[in-house]
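A short write-up of the structure that comes next.
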Amino acid sequence: MKFKPIYIWFAAPVIIVVAWVLAFYIPLSSKIKVKNQGLSRLKTEEQAIDNDIVNMLQTKDKGAKMERFIKTFQANIPVFDDFPKVMKDIARTAKKNGMLITDFNSSFTSIDKKKASALTYPVFEIGLKGRFLEMGKFLEELESNKAFKGIMNAKLSYDEKEYPVLTGIFMIEFKAWKEKQIVESK
């Protein structure tokens, strides 16, 4: 019977520890796990929201860049109604480069096409007379013109009587707005 008090003294702390674990530790640890799971869900939601905000800001920036690009694009291409000014500039450029414009015909078949595009591409046949280097310089300056699209066809010829002077016929395609376009900022 002497062993009973020893069991009580050893069993009492074990029972207290087991009771403490069952009463406090297990419920607290489960609450902590639930809170950690909720916290990790909140962190993933926060990360998703941050990514969405970054994507929205990038989209907004891209939209603003595209709007600026469209505005500069619209400003650089003339309206078809203003095309006589462009033709006068071409004539001035030719004269400045020592070129003589012998013929200037328009091909309106390119304008009459019914496309959904807001741009039209008129084609002009330009007859030039001048030296080879001056003709090249004129075509380089013409290429820098904001309405220039490309040379569709070119034909150079020379007459032995006027040897250094060449005669050329160029089919040149231009680009122009059918009507004035305005990009509205929102």
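The values are calculated or read from the model by the stated rules, or taken from the named source; none is laboratory data. Given the structure is predicted, the values throughout are model-derived calculations rather than measurements. All Cβ positions, even for glycine, are placed from backbone atoms using ideal geometry, and neighbour counts span all protein chains on display. Keep in mind that these areas ignore ligands, DNA and RNA; they rest on the heavy atoms of the full protein, side chains included. Shrake-Rupley method; radii C 1.70, N 1.55, O 1.52, S 1.80 Å.
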Legend entry - the chain - percent relative contact order, Cα under 8 Å, separation 6 or more: 21 percent
Inset, instruction - Please identify the longest segment of the chain free of exposed GluC sites (Glu not before Pro), where exposed means a DSSP state other than H, G, I, E or B and no more than 13 other Cβ atoms within 10 Å. - result: 1-178
Legend entry - Extreme residue, positive dipole direction of the chain, given options THR44, GLY168, ALA118 (C-beta unit charges): THR44
Legend entry - Karplus 3J(HN,Hα) series, Hz, for the stretch 41-48 with 6.51 cos²θ - 1.76 cosθ + 1.60 (x for Gly, Pro): 5, 5, 5, 5, 5, 4, 5, 5
Legend entry - Semi-axis lengths, Å, the chain, gyration tensor of Cα atoms, sqrt of 5 times eigenvalues: 89, 19, 12
Legend entry - Helical contribution to [θ] at 222 nm, DSSP H n ≥ 4, -39,500 (n - 2.57), averaged over the chain, rounded to 500: -18000 deg cm²/dmol
Inset, instruction - At most 10 other Cβ atoms within 10 Å and a DSSP loop assignment: could you name the trypsin sites (Lys or Arg not before Pro) in the stretch 2-61 that fit? - result: LYS2
Inset, instruction - Pop the C-beta distance of ARG41 and ALA19 into the FRET formula with R0 = 35 Å and round what comes out to the nearest 0.05. - result: 0.55
Legend entry - Apportionment of accessible area to carbon and sulfur, the chain, percent (1.4 Å): 62 percent
Legend entry - Using θ = phi - 60° and Karplus 6.51 cos²θ - 1.76 cosθ + 1.60, couplings along the stretch 139-156 (whole Hz; Gly, Pro as x): 5, 5, 5, 5, 5, 7, 5, 5, 8, 5, 10, x, 8, 7, 8, 9, 9, 10
Inset, instruction - Tell me which residues come under 5 Å, amide H to amide H, from ALA154 once H is placed; ignore anything under 5 positions away on its chain. - result: MET171
Inset, instruction - For the pairs LYS95/LYS149; LYS96/LYS146; LYS4/LYS33; LYS95/LYS146; LYS95/LYS161, note any where the Cα-Cα span goes beyond 30 Å. - result: LYS4/LYS33
Inset, instruction - Would you mind working out the accessible area per residue for the chain, using a 1.4 Å probe, and quoting it in Å²? - result: 78 Å²
Legend entry - Neighbourhood charge, 10 Å Cβ-Cβ cut-off, centred on ILE101 and excluding it, Lys, Arg +1 and Asp, Glu -1: +1
Legend entry - Selected from GLN74, GLN47, GLN58 as most flexible by GNM, with the chain as the system and alpha-carbon contacts under 10 Å: GLN47
Inset, instruction - Please get the size of the charge dipole for the chain, origin at its Cα centre, with Cβ charges of +1 on Lys and Arg and -1 on Asp and Glu, quoted in debye to the nearest 20. - result: 1300 debye
Inset, instruction - Read phi for every residue in the stretch 89-97 and hand back ³J(HN,Hα) as whole Hz from Karplus 6.51 cos²θ - 1.76 cosθ + 1.60, θ = phi - 60°, with x for Gly and Pro. - result: 4, 5, 5, 5, 5, 5, 5, 4, 8
Inset, instruction - Could you point to the residue in ILE77, MET66, ASN153 farthest towards the positive end of the chain's charge dipole, with +1 and -1 charges on the Cβ of Lys/Arg and Asp/Glu respectively? - result: MET66
